[in-house]
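A quick write-up on the structure given underneath.
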Amino acid sequence: MFDLNTRDIKYLSGVGPQRASVLNKELGIYSLHDLLYYFPYKYVDRSRIYSIREIDGTMPYIQLKGEILSFEEVGEGSGRRLIAHFSDGTGIADLVWFRGVNYQKSAYKVRQEYIVFGKPTFYNGRINIAHPDIDAAADLKLSSMGLRPYYNTTDKMKRSFLNSHVIEKMMTTVIQQLREPLPETLSAAILAEHHLMPLTEALVNIHFPTHPDLLRKAQYRLKFEELFYVQLNILRYARDRQRKYRGYVFEKVGEVFNTFYSRNLPFQLTNAQKRVLKEIRKDVGSGKQMNRLLQGDVGSGKTLVALMSMLMALDNGFQACMMAPTEILANQHYETVCELLYGMDIRVELLTGSVKGKKRAAILAGLLTGDVHILIGTHAVIEDTVNFASLGLVVIDEQHRFGVAQRARLWTKNVQPPHVLVMTATPIPRTLAMTLYGDLDVSVIDELPPGRKPIVTLHQYDSRRMSLYQSVRRQIAEGRQVYIVYPLIKESEKIDLKNLEEGYLHICEEFPDCKVCKVHGKMKPAEKDAQMQLFASGEAQIMVATTVIEVGVNVPNASVMVIENAERFGLSQLHQLRGRVGRGADQSYCILVTGYKLAEDTRKRLEIMVRTNDGFEIAEADLKLRGPGDLEGTQQSGIAFDLKIADIARDGQLLQYVREVAQAVVDADPNAVLPENEVLWRQLKTLRKTNVNWAAIS
Ligand code: ADP
Ligand code: MG
């Protein structure tokens, strides 16, 4: 049987070494197999042929059938272009090329029948079709003029004349060579039970569907398979790990926890906090290693849950560690935790990049002897030099900044891996969480502490800045504090910093009676801390900042968040920023400032922000608007990018369904030995070999 995997793309007719190298580099296509799995991004119904006489100025892409009467070259230099006068007997249309003039002229012959596809426009009273797709009428059998595939191509590909059309032709050749079906990649039982199209049929129909129904079935089959293996990978190895790594058993809730609960806890826990604590308690008592994702909107009180979980570790003779993505946040956690534990005999230490010398040595020593009970810090805590006497629990705050790989490093800190609690305030839609962190159990705090007033969000044009400042002044007069945030985009940090500096000066001028502080990512930590401190203590009324304040900062007296150039922020970022206010009992405001001209998408984003405070609703909307590739958290994982055909934003239901199918397989065949599943395990192995991200996730 002929194996597509070993057939180099360069031997395919019409390809050759030069085009093959472009395909390698641009699309990662090396073999015929790779090519076959390069799916169209759209299909165009080409069942209808128009006549030139029918053409008016309003038509989208259309198809004509006729002959080239003659070629004409006009213009010079960059204005040089080739015109082919094309006729179908009802009129004349000019086919125009601005690039590849010589090539195009040699590619087509006069007085031959062609099918031309393109968008007609009128130019000096003549019908023009620029850079049309052209096929010899005799060649167009395979797609039978039904739905025609369109493939994404890059500029480099186009320069080698590898357009969608050429790819289509290559695909035709490969499919013609498929004399016998390809080996099936799903088991017979799954195919039958879920009514899936066989693999080869699906591949033929994904490229050359003869009917929309067949296309739908082909897409369903391929999406099903893709999501199924993503889930099978996660579930298969999650179970393995559970068996391999026993978890520490925290048998009791003891004195430390109880003392804290009865003496130090400054308020009643919300019901959601209680529920989540119970879930965690159950995990850490089970003998399995906990891997739990705690989702809770900004301000929902995750820190307290983290602290109380750490106290459970302490009660059972273990140490605990809490990791934050930034120094500011680590500092703040440290202060919060020290305050909450006031009067209790617990040693808490802070370890960040700026803790050095003797201080650092003392902390490291204390960790080894077990004298340090709780360590709070940044990435610094996972460095190789940091070792614990008995680390029982690790809390990771704000998951999206830590990749899967970093999480894995924690497990090497002990003979046995500690329990892991990952907290995120970027509510990841359930569907995405399942794909990205499928090995994590999920808890949700879906309730804010009592007495919070919903934040009022407004969208204002920057032409109304003066009235905006009036409102800000009123708030300050009432004793409130205000954040003013400027965007920071990596590529142009200099420009943005200038925005920030100018903004700072401008604000100082506008608010001469106020103390204004300023924080950005390029500051030295000590300087940043000093500025933060000014604001936290209430000495400064206004903080001008970049998004470094996005994560975690907690100043309950701040009641106004002004976001400049709000159009430059993504939805979840806006939501995170907004979460910095509304933490006290006063009415808080978030004001999104933009220019007048806005793209449609941007307008939608702002409308969503104004309409709702619900982080989950925002996350779902964000996923729909931007697609998973841009969503925070997906970058490190890479998984969302690897999907060829399924779309997490749109195929959430299928993902859920398929997860159950995969779970059933793993449950019935935990050791991966049943003959009826052989094809599944073999395929999983192949996928793990060819895809580094897959091996990394479990
Ligand atoms: P986040 O989930 O964003 O990390 P925090 O843990 O920082 O939220 O909590 C936000 C604020 O709510 C803090 O000031 C905290 O002290 C307070 N808080 C937490 N739990 C409660 C509660 N049950 N009742 C009242 N206030 C609470
Ligand atoms: Mg927090």
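The values are calculated or read from the model by the stated rules, or taken from the named source; none is laboratory data. It should be emphasised that the depicted structure is a prediction, and the values quoted were computed from it without experimental measurement. All Cβ positions, even for glycine, are placed from backbone atoms using ideal geometry, and neighbour counts span all protein chains on display. All accessible areas refer to the heavy atoms of the entire protein, side chains included, with ligands and DNA or RNA removed. Shrake-Rupley method; radii C 1.70, N 1.55, O 1.52, S 1.80 Å.
Nearest 10 degrees, 0 to 90: what angle lies between the long axis of helix 16-27 and the longest principal axis of the chain (Cα atoms)? For helix 16-27, the angle is close to 30 degrees.
Listed by chain and number, the lysines placed with their C-alpha closer than 19 angstrom to that of K42 are K119, K158, K169, K217, K223, K624, K644; residues fewer than eight positions away on the same chain are left out. Taking θ as phi - 60° and the Karplus parameters 6.51, -1.76 and 1.60, the scalar couplings of the range 336-350 work out to 4, 5, 4, 4, 5, 8, 3, x, 9, 8, 10, 9, 10, 10, 10 Hz in sequence order, x denoting glycine and proline. Of interest is the spacing of the C-alpha centroids, which for the range 25-49 and the range 319-356 amounts to 53 Å. Could you give the angle, 0 to 90 degrees to the nearest 10, between helix 465-477's Cα long axis and the longest principal axis of the Cα atoms of the chain? It works out to around 20 degrees.
Based on DSSP H segments of at least four residues, each scored -39500 (n - 2.57), the chain has a per-residue ellipticity at 222 nm of -12500 deg cm²/dmol. Residue ranges 367-380, 339-352 sort as 367-380, 339-352 when ordered by packing (mean number of other C-beta atoms within 10 Å per residue, highest first). Rounded, prolate or oblate: which fits the range 47-145 when a ≥ b ≥ c are the square roots of the eigenvalues of the alpha-carbon gyration tensor, with rounded for a/c under 1.5 and prolate only if a/b beats b/c? Since a/c reaches 1.5 but b/c is at least a/b, the shape of the range 47-145 is classed as oblate.
Report the number of Lys pairs in the range 456-612 whose alpha-carbons are under 15 Å apart, with separation of 8 or more residues or on distinct chains. Can you show the working numbers first?
On the way: K490/K498; K490/K522; K494/K522; K498/K518; K498/K522; K518/K528.
For the range 456-612, qualifying lysine pairs total 6.
A simple rule links phi to the HN-Hα coupling: the Karplus curve 6.51 cos²θ - 1.76 cosθ + 1.60 with θ = phi - 60°, which for the range 188-203 gives 4, 4, 5, 4, 5, 5, 9, 6, 9, 5, x, 3, 4, 4, 5, 5 Hz, with x for Gly and Pro. Taking amide hydrogens as placed 1.01 Å from N in the peptide plane, the amide H of N291 sits under 5 Å from those of V420, D441, each at least 5 positions away in sequence or on another chain.
Ligands, DNA and RNA left out, the 1.4 Å accessible surface of the chain is 51% carbon and sulfur atoms.
Rolling a 1.4 Å probe across all protein chains gives M59 an accessible area of roughly 30 Å². Using the 1.4 Å probe convention, the accessible area of the chain works out to 46 Å² per residue with neighbouring protein chains retained.
With the simple model of a label 7 Å out from the Cα in the direction of the Cβ, K524 to T200 spans 7.1 nm.
Summing Lys and Arg as +1 and Asp and Glu as -1 over all other residues whose Cβ lies under 12 Å from the Cβ of S354 gives a net charge of +2. In this structure, the amide hydrogen of A558, modeled 1.01 Å from its nitrogen in the peptide plane, lies closer than 5 angstrom to those of Q481, counting only residues at least 5 positions away or on a different chain. Our analysis of the range 456-612 gives Rg over Rh at 0.93, with the two radii drawn from alpha carbon positions and Rh computed by the Kirkwood formula.
Straight-distance candidates among the lysines for linking to K302, with alpha-carbon spacing under 21 Å and chain neighbours fewer than 8 residues away dropped: K274, K278, K282, K453. To the nearest ten degrees, helix 164-177 and the longest principal axis of the Cα atoms of the chain are 80 degrees apart. Specify the inter-centroid distance of the range 265-317 and the range 498-532, based on alpha-carbon positions, in whole Å. The distance from the Cα centre of the range 265-317 to that of the range 498-532 comes to 37 Å.
In a reduced charge model with +1 at each Lys and Arg Cβ and -1 at each Asp and Glu Cβ, the chain shows a dipole moment near 560 debye about its Cα centre. When a/c reaches 1.5 or more, the comparison of a/b and b/c decides; with that in mind, is the chain rounded, prolate or oblate per its Cα gyration tensor? Oblate, since a/c reaches 1.5 and b/c is not below a/b.
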